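The structure under discussion appears below in the form of structure tokens.
The values are calculated or read from the model by the stated rules, or taken from the named source; none is laboratory data. Owing to the predicted nature of the structure, the values given are computational and were not obtained by experimental measurement. Cβ: placed from backbone, ideal geometry, glycine included. Neighbour counts: every protein chain shown.
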Amino acid sequence: MQPRKEHIMTTSPARHHAHFELRFLSLFDEGRGWAFPCDAQGLVNLDELSDRARNNYFFAHSVIGRDVTLPRVCAVA
């Protein structure tokens, strides 16, 4: 049995080098969810997100507890 690959949709723009991501993980499909660039406190700069990423961010917030976990701040390399 091979380990599952993680499929988190990262919506950080190429020009943005965030050191943290705000992650919403799927409650039902391990390794799936959304990740958005943020600061150490978990604040996402909505002005830097594309329209699609901003819509995904708002959607992820609307399904907390139904489809995704509470968001958590994760340090990234």
Show the residue pairs that are 6+ apart or on different chains and have beta-carbon atoms under 8 Å apart, the first residue being within the stretch 29-40 and of a type in the set (D, E), the second being in a strand (DSSP E or B) and at pLDDT 95 or above.
D39/F20
Could you please let me know if E30 is exposed (fewer than 13 other Cβ atoms within 10 Å of the Cβ) and either touching a Cys at 6+ places or on another chain (Cβ under 9 Å) or over 12 Å from H19 (Cα atoms) (or both)?
yes
How many residues are within 11 Å of L25 (Cα to Cα) and surrounded by 13 or more Cβ atoms within 10 Å (Cβ to Cβ) when one looks only at the stretch 64-77?
5
Assess whether A18 counts as being assigned to a loop (DSSP other than H, G, I, E, B), surrounded by 11 or more Cβ atoms within 10 Å (Cβ to Cβ) and at pLDDT below 95.
yes
Flag for R66 being at negative phi, at pLDDT below 90 and assigned to a loop (DSSP other than H, G, I, E, B)
no
In the stretch 33-63, anything assigned to a loop (DSSP other than H, G, I, E, B) and either of a type in the set (K, R) or surrounded by 17 or more Cβ atoms within 10 Å (Cβ to Cβ) (or both) is listed as V44, L49
